[in-house]
Every structure is written in structure tokens, then in C-alpha cells.
Number of protein chains: 2
Amino acid sequence: MKKERINLLGAGLIGSLLAIYLRKRGLEVSIFEKRQDWRHLNVSGEGRSINMALSYRGWKALERAGIKDKVIPYTQAMYGRRIHDEHGDTFFQPYGKEDQAIYSISRNAFNKILLDEAEAQGASVHFGHKVEHVNVAAREVSFSLEDGSEKSIHSEVLIGSDGAYSALRNAFQSQLRFNFNQQYISHGYKELSIPPSPEGEFAMDPNALHIWPRGKFMLIALPNLDKSFTCTLFLPFEGYKVSFANIHDERDIEQVFKTHFNDAYNLMPNLLEDFTRNPTAALINTECYPWTENNTLLIGDAAHAMVPFYGQGMNCGFEDCSILDGLIAKYGTSSWDLVFEKFQKGRKPDTDAICQLAMDNFVEMSDNVADPKFLIRKKIEARLHELYPQEWVPLYSMVTFSEMKYSEAYAIGKLQEKVMDRVMSDPLITQNWDRLDYEDILHQVVVSGAV
Amino acid sequence: MKKERINLLGAGLIGSLLAIYLRKRGLEVSIFEKRQDWRHLNVSGEGRSINMALSYRGWKALERAGIKDKVIPYTQAMYGRRIHDEHGDTFFQPYGKEDQAIYSISRNAFNKILLDEAEAQGASVHFGHKVEHVNVAAREVSFSLEDGSEKSIHSEVLIGSDGAYSALRNAFQSQLRFNFNQQYISHGYKELSIPPSPEGEFAMDPNALHIWPRGKFMLIALPNLDKSFTCTLFLPFEGYKVSFANIHDERDIEQVFKTHFNDAYNLMPNLLEDFTRNPTAALINTECYPWTENNTLLIGDAAHAMVPFYGQGMNCGFEDCSILDGLIAKYGTSSWDLVFEKFQKGRKPDTDAICQLAMDNFVEMSDNVADPKFLIRKKIEARLHELYPQEWVPLYSMVTFSEMKYSEAYAIGKLQEKVMDRVMSDPLITQNWDRLDYEDILHQVVVSGAV
């Protein structure tokens, strides 16, 4: 029996997980990766976020691929946000119910687990293959190799899991009637770090995602297994007093941190070195369509790169893989065009929704979370969820702790938002919030949305 | 005195006119063009629209460049739309006042006039230079030449007038924090032709733009100096009974034309040949920002490619050139970054507006123009314009017969639309339209928009 060969571009998180799925379906898999094999080197994330936050959708996809148990030991549970105010005081906002958490994991460690598994399952990985050109009609990819030579391959089936700057997508853009939108937001980010305390312990609460929300900018920190934290500073590139354009030297760095993040500053002995050494990275949102042409497919960030403010980029990409696997199970491999067409048609509304939610969530993370009225709003929603666990699930929970379609979560979230806006318009809400007619609030959503 | 050299990419209509402007400011100008010198060859438009419709903004820009008089003899005035219904009956809709017209001109003839003039003014034109790569930071462009050799140039100032698929814009996309959106519409087009009658005369009214509006598709025809018409068929690519996907052979072509465009069909002896030989072309809208970086600039379609349904693509590009020339006159050439920054800031809202209007106008051209209520609406608007020539100018006229900023025309158009929707909601409007309180209608716009 002739086995079909699938060629993947990109051995990142999505490409590696997809390779595992495809191998388990008995397909031949080759992955072509630009980088050299980095697994035994001590490298950082090439300017990309070093920590990922794994949540329900991601776990389900790992479980389906049979790799969940290997990943668990590398994760650190975060049960909520710990908000740091300007005075160094902190308070805790649970993400969901008591046992619901998102899980911090190092990108590199995670990628290594998945890629090792893909290889163990029989995928062949070709490192140092930089895509120079893709001819979509011929399904020909030409690569330049590290030694300066060139190489071309023909694929029966070609999948671009090659990220936000996908080479396959670039080829789609110039070779197809292809709708494409790329948008950079006004903010950039820089990775920083908080090492373990002198006693070798976590310097802060290790079971939370820490946020220093400052309105137009913010700092966040995620725990690592080695008891350090990886921090990410989000600032406008320019146009504001506190912006990357206004940080010229070490004095400016210290000034910003002492003024706005003083408690974090005291935990960051490497601040100046980190700040100077690490690149200032941009944040892009891309949406495009179609995702498939002539037995080729875009998947993960290549199809829909989102900003990181909902922590769903990787989880969404993993869910892509799981959905695609389900379609292969259902329709077989005799018509890849059919499988890929079903995939894009079914999935596109959901990735549009999560891209939009991620964009909107910057305001929630950097501003709302510090607003007392927002906290009351969250409490009311939590109470609703407690009273009506099936009927009222907060948007964050639908996205983060369920497998509900993103587009459905988005639509329900909009209905809830309208109702909650009305509830919050009561001038006495601060006093009355725990004496509300909760059944009536629920009813308003049910009526207006016919949920 | 050291003369500054400006390098332009693309010797199309916009690049050629811009070269004339820049030469008149005493700047050295080199144009690099992908094609061979086509001026003495008998070529068609490479799948691009063969006829252009020159209107007020275009004429003003030509006048400012001192080239208007050379263009006039090559144009054919069109004073309105001549609508062809399914029975072959036609009626005429004037575009504006009696003497207001748009002017049909052949793209090739026009490009030749402008490029000849640019050369006469001292611009040097380098044909057969295909851009392979642009390094924006270094302002380096590498070209491949016809003989297979490569060549690199460095520019002090580099302007991309290289159209909807601009190479400079592609470089921006991968090298800058660049917002970019490309959208293909569901329709494509094909150029066809109506030759002169056997007597050597125009086969139809030569002073109109002919439209066969059929809802989801349409045919249009523009007159040429040789008494032929160039026709353009706009059809959905797929998803409808009448679509390019459903036209498989000559029988299908004849079937569509006999059924829907029978009067045109009788004038098209070359239909089958034209249809088979000419490519089916796609229609793209692109919007992007920024337009400038490091003394480089995008202009014309490279900065804002629009669909052709408002007939403004070229006119807008010419206006770009004229506005840029005004800024050079005002700010001089000691800081190109300043000039280019002023240009993009001032111009972007206007090109966004005309891109949107062009997109919306497909419905007007292909559907509304055949609707009796639409005709009454147009009559009411014409009456308002007659009564209040300054206060009520129809949107089409603001766009086509004035130099008002596109964004302002757009905003006023939206106000007028609201008022007219209300006027047209009168169930007896068909009987009453010429007995309306016109002063009150005008007043509604003035009040709601504080015009």
C-alpha cells in the first residue's frame, strides 16, 4: 500500500503537533524547518515570547494526540491574575472556578517535547531549510540550505505551519486571488526576567499570572519551573510619554520602572542588561482567506496570527490540528481538497472571532483589571456563573476553559456584555451588587439572544 | 548646485506624470520600468483596462503639469450613462450638468503622451528593469534585466509608482511595521470590443458610457477615437448561474450574450475570439499605511489600488501627483521625509474614502441604475442641485466634477443619502417627486450635518 507523504513547512509548536497527528494516521511526514536543530543548544526564543499559557483547548488537543502526560511535568499552574497596583499592593482575580487554571510552559521546552515525539513517531525533520520560493500551482518549494546550496522539492500535499510570516502564505498572496490583512498594533513588547529569590524560591506568588496594569501600558510575568519569572513589558512604540521611543538610555529604563513598577523593579537585578540585549518586538494580527489551494493548506499562525492578549494563539493552533485530524478521520485521505475545504469553511469564523477577542483584550488586561467597577462586574458574572453554571458562563471561561466554538463564545459574550452594561449602569451598583435579581439578569440574555 | 536625483519605479500613467512634475521642479529623474519600451509596438493593455475615464481631478492635474492640451485630442467626451435594458431599449442618464462629461481615452495612447513628455522634459527612462528586491533601509533596488543580468542601484529618494502589485510596497510589507489589506472582490472582468459599423461609424451613441446593468453582473462600453467601443464584461467568478465558472465553451458565451446583452451581441462580430483570447482578470482593492519610510514613498495604485466602479483610480493617482507637487513647492526638497509625511497624513483619509466609494458603486452601476425609483431619486437630486447649486451637489458630481477632498465628499454623501432615504420612503414619491418641498430637504442636510 502506497503511503501518502505530507510535507510541512515549520517545526514550531503547531507543525510538530500536526506531525504527530499525521503520523498516527499512518501518513509519511517530512518537516522542513528554517532553523538549525536548536534542541541541544541553549537558545532563547529568537525574540518571540518565551512563555506560553496552555489552556483547555490546548490540553484537549495534546490529549487527543496522546502527548498530554509528557507535557504536564513542564507546566506551572496559574489560577488567576495577581494585579500589582502602583503602591506595590497586590490582589488576586481567579480566572474561573477553584480548580481552573492556565499553565505556563517554556516555548523551547514545549517545542522540544513535541518535536521529539514527532520524530519518535517517525516524522523526518529537515533543519536549516529556508524557504526561498513556493510555486503553489506546481506545489514546488525551493529552499536555500546553510551551506549556500539550493534544493527544490515537489509535494503531493503541502501544509504551511510556518507562523505569522509564513512563506506559503506569501506565495498565496502573490499567486492567488487571496484576501489578506496584516495589522500591527501600536504597542511593542520586550522580554525581561525576575530570577529566583536569594533563597532559591519564587520571588512572587508562583500560581498566578502577574499583571502591572497601567492603562496605556503594562508589565506581565509568568512563572517558570526554575522558579524564575519571564516578564513581558508592553509599551506603545511612540506617541506617549511612556513609550519605547522615549527610552533612550539606562536612566530612562530605571525611571520608568521605579515610577510605574517599583515592586517588580526591586526583583529585577538584570533589568538593564535584559532591556538592552533583548529586541523590541512588534505585534501583528493577520487574517486571510482562502487557507487552501491545490492540496496546500495554511494552519496555525500562518492562517491567523493574533496578538497575545487572550493567551489563545497556540491553543487555537493546537485546536486547528485537532479539528483537521477529525476531518481526516471522517473523510479519509483520498481527497485532500475536500478535507482542507471543510477545514477552512468550518474554522474561519472561529479564528476571526478569537483574533478580534485578542485585540479587544488588551484594554481589559492593561486598564479594566485595575478598575473597581470592573471588579464588581466580574463578581456579578462569577455569581451568575455560580447560580446558573450552564446558562451563564463568563466569556473568559468560554474561551479559556471550554471547547465551545470561538465564534459562538464571541456571540454569547456580546449578549452578556449588553446585559452587563445595563446592570452596571445602576448608579448604586457598588452597594447593591450582591442583592440583584440574578434570575432576571440571566433572563435578559436568554430573551435577547434566544440562547 | 547639486541636483537631487529621484528614482521612480514604474513608467505607467502615474509614474510618467510624476516625472513631468519633478522635472519641472528641476530635479533629476530616472524611471525604471519592467516592460520593454512598448510605445512603437502594437500591444494591448496586458490584461489591464484598455480605456480610462478622465474626469475633473485628472484634467486639473494635467493642466498643472502643462500637458492638458496635448491630451485633449485623444479623448472622447461621455456626457452620461446610456442604459441598455433586456429588450434593447436604451435611455440616457446625464452625469451632471449639460457640459459636464468624463472623457474616454486609450491607456496606451495616454501613457505614450505622458512618457514622451517626461522624456522631452529630461527624465531618463530605463526599460526592461524588473525589480527583484528592494532593501528599504539601504534604499537599494536590485533589478533583473532582459539579458538575464542583474543590476543594483542606490537611491537618494525612491518613489514607487509601480501599481497595484507594487514591488516597493511588497518590501514595505516584509520590512516595516506595515498595515496592509488586500481584498479581491467576487467579480472578475474581461475586455471585449464593438468595432465601427460597416459604414465606418460608431455603432452606438458615441458620447455616452454604455451600461447593460443586470444585477449581479453587467457589461459596459466606452467609445474610442477609431469609432470602436471597448467593452468590459463584469461577472462573478463563481457561485451564480451567470459566472465565469459556468462559461465553458463558445455555446455558453453566445447563450449568455444572446440572453442578456442581445443588442450588444449583434454588434460584436469578434465576441468569441475576444472572449477566448483575452484573460479573465481579477479586481483588487488594497489599502496600506504608512506610505513612506526613509525617503521612499508609495504613490497612486501602489498606495491605494481601487476597483474601477467610480472611474477614479487614475484620476486619484494624478491628484496624488499634483498634491505632492504642491507640497514640494511649499516645503522644498531639503527634507523629503517632511514632504512625504505631510503627503501621507493629508492624503490617506481621502484615498480611503474613494476606495470605499468605488467598492460601493458596483451596486449602483450594475443594479440601481436600472431601477425606476433610483431614477426618480436622481431626478430629485438633480433638481436640488439646480435649485441650490452650491448647497446640494450630488455625490457623483462632488467626486467626478470637483476637487473637493474625497473624504469630505464621502461625508456629505452620507448625509445626503440619509435625507434622500427619508424622502424616498414616501409611498407616493413616484407621483409627487416634482412637488416636494425642496427647501425643506436641503434644510435637513444643513441641520443634520452642520455643513
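The values are calculated or read from the model by the stated rules, or taken from the named source; none is laboratory data. Being a predicted model, the structure only gives us computed values, none of them experimental. Note: ideal-geometry Cβ built from the backbone for every residue, glycine included; neighbour counts use all protein chains shown.
Figures for the structure shown
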| quantity | calculated |
| --- | --- |
| Pair list, Cβ under 7 Å, 6 or more apart: the stretch B:12-39 residue surrounded by fewer than 20 Cβ atoms within 10 Å (Cβ to Cβ), other residue of a type in the set (D, E, K, R) and part of a strand (DSSP E or B) | B:Glu28/B:Arg5; B:Ser30/B:Arg5; B:Lys34/B:Lys130 |
| Flag if A:Gly122 is buried (at least 17 other Cβ atoms within 10 Å of the Cβ), touching a helix residue (DSSP H, G or I) at 6+ places or on another chain (Cβ under 6 Å) and away from every other protein chain (no Cβ under 13 Å) | no |
| The stretch A:160-211 - residue that is within 14 Å of chain B (Cβ to nearest Cβ) and hydrophobic (A, V, I, L, M, F, W, C) and, of those, farthest from A:Gly96 (Cα to Cα) | A:Leu176 |
| Single residue of B:Glu119, B:Glu86 found to be touching a strand residue (DSSP E or B) at 6+ places or on another chain (Cβ under 7 Å), over 30 Å from B:Val393 (Cβ atoms) and either without any contact (Cβ under 8 Å) to a residue 60 or more places away in the chain or part of a loop (DSSP other than H, G, I, E, B) (or both) | B:Glu119 |
| Given (1) more than 22 Å from A:Leu176 (Cα to Cα); (2) touching a residue at least 24 places away in the same chain (Cβ under 8 Å), index of the condition B:Tyr184 fails | (1) |
| Subset of the stretch A:228-268 [more than 12 Å from A:Met218 (Cα to Cα), away from every other protein chain (no Cβ under 14 Å) and assigned to a loop (DSSP other than H, G, I, E, B)] | A:Ser228, A:Tyr240, A:Lys241, A:Ile247, A:His248, A:Asp249, A:Asn266, A:Leu267, A:Met268 |
| Number of the exception - B:Asn111 against (1) free of Cβ contacts under 8 Å to residues at least 12 places away in the same chain; (2) within 30 Å of B:Leu267 (Cβ to Cβ); (3) not in a strand (DSSP E or B) | (1) |
| Qualifying positions in the stretch A:376-395 - surrounded by fewer than 16 Cβ atoms within 10 Å (Cβ to Cβ) and under 17 Å from A:Trp433 (Cα atoms) | A:Lys379, A:Glu386, A:Leu387 |
| Number of the condition not met by B:Phe92 [criteria: (1) in contact (Cβ under 8 Å) with a residue 60 or more places away in the chain; (2) assigned to a loop (DSSP other than H, G, I, E, B); (3) surrounded by fewer than 17 Cβ atoms within 10 Å (Cβ to Cβ)] | (2) |
| Filter result for the condition that a residue is in contact (Cβ under 8 Å) with a residue 24 or more places away in the chain, touching a Cys at 6+ places or on another chain (Cβ under 9 Å) and under 24 Å from A:Gln312 (Cβ atoms), over A:Tyr410, A:Tyr406 | A:Tyr406 |
| Evaluation of B:Ala203 against (1) over 25 Å from B:Pro372 (Cβ atoms); (2) surrounded by fewer than 20 Cβ atoms within 10 Å (Cβ to Cβ); (3) in contact with a Ser or Thr (Cβ under 7 Å, 6 or more places away or on another chain); (4) not basic (Lys, Arg) (one fails), failing number | (2) |
| Hits in the stretch B:125-156 - residues which are touching a helix residue (DSSP H, G or I) at 6+ places or on another chain (Cβ under 6 Å) and either in a loop (DSSP other than H, G, I, E, B) or outside the structural domain of B:Lys24 (by TED's automatic domain parsing) (or both) | B:Val136 |
| Residue check for B:Lys345: among the basic types (Lys, Arg), more than 14 Å from every other protein chain (Cβ to nearest Cβ) and either in contact (Cβ under 8 Å) with a residue 40 or more places away in the chain or assigned to a helix (DSSP H, G or I) (or both) | no |
| Which numbered condition B:Ile284 misses (of (1) surrounded by 16 or more Cβ atoms within 10 Å (Cβ to Cβ); (2) part of a helix (DSSP H, G or I)) | (2) |
| Matching residues in the stretch A:287-301 - criterion: being in a strand (DSSP E or B) and either of a type in the set (Phe, Trp, Tyr) or within 14 Å of another protein chain (Cβ to nearest Cβ) (or both) | A:Glu287, A:Cys288, A:Tyr289, A:Glu293 |
| Odd one out for A:Ala358, checked against (1) touching a strand residue (DSSP E or B) at 6+ places or on another chain (Cβ under 8 Å); (2) among the aliphatic types (A, V, I, L, M); (3) surrounded by fewer than 20 Cβ atoms within 10 Å (Cβ to Cβ) | (3) |
| Conditions (1) more than 12 Å from every other protein chain (Cβ to nearest Cβ); (2) modelled with pLDDT of 95 or more; number of the one not met by A:Glu146 | (2) |
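Residues are listed down the side, and each one gets a yes or a no for (1) part of a helix (DSSP H, G or I); (2) touching a helix residue (DSSP H, G or I) at 6+ places or on another chain (Cβ under 6 Å):
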site	(1), (2)
B:Glu386	yes, no
B:Glu391	no, yes
B:Ser397	yes, no
B:Tyr410	yes, yes
B:Gln431	yes, no
B:Val447	yes, no
